[in-house]
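The structure under discussion appears below in the form of structure tokens.
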Amino acid sequence: MTRDDIIRMAREAGLWPTEERSKEYGIPTPNEQWLPELERFAALVAAAELEAIAQMIEDAPPLVEFSQNNKGGCMVCGFTPKLASAAIRARGQA
């Protein structure tokens, strides 16, 4: 996620007010000093979402027995929920 993405989403959420709104509500106009906190917040939200998705995959019902390989994954492609959830969690580490 880039700084521009974070600022765009902060604007959409009303956390990065325009100069007009800053004057209207008597709050400081956003500037570069706000970015470290916004970037940290965005990283925390993204990490929580990745973990929730990884957990959903791990908790998915198993495949029907006749189509499972010896690791509980798909006999045809080798996909397993543990591989998928590990890949999702690894994405959050990059």
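The values are calculated or read from the model by the stated rules, or taken from the named source; none is laboratory data. Because the structure is a prediction, the values reported are computed rather than measured. Every residue, glycine among them, receives a Cβ derived from its backbone with ideal geometry; neighbour counts consider all protein chains shown.
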> Taking into account only those residues within segment 40-60 that are modelled with pLDDT under 90 and charged (D, E, K, R), which is surrounded by the fewest Cβ atoms within 10 Å (Cβ to Cβ)?
Replying inline: ASP59
>> in contact with a helix residue (DSSP H, G or I) (Cβ under 7 Å, 6 or more places away or on another chain), surrounded by 13 or more Cβ atoms within 10 Å (Cβ to Cβ), part of a helix (DSSP H, G or I) and of a type in the set (A, V, I, L, M): is that true of ILE7 in this structure?
In response: no
> Does any residue in segment 74-91 that is without any contact (Cβ under 8 Å) to a residue 60 or more places away in the chain come within less than 6 Å, Cβ to Cβ, of a residue that is surrounded by 12 or more Cβ atoms within 10 Å (Cβ to Cβ) and among the β-branched types (Val, Ile, Thr) six or more places away or on a different chain, and which pairs are these?
Replying inline: PRO81/ILE57; ALA84/ILE57; SER85/ILE57; ILE88/ILE53
> Picking from GLU32, GLU65, which residue would you name as being at pLDDT 75 or above, charged (D, E, K, R), exposed (fewer than 13 other Cβ atoms within 10 Å of the Cβ) and out of contact with any Gly (no Cβ under 7 Å at 6 or more places or on another chain)?
Replying inline: GLU32
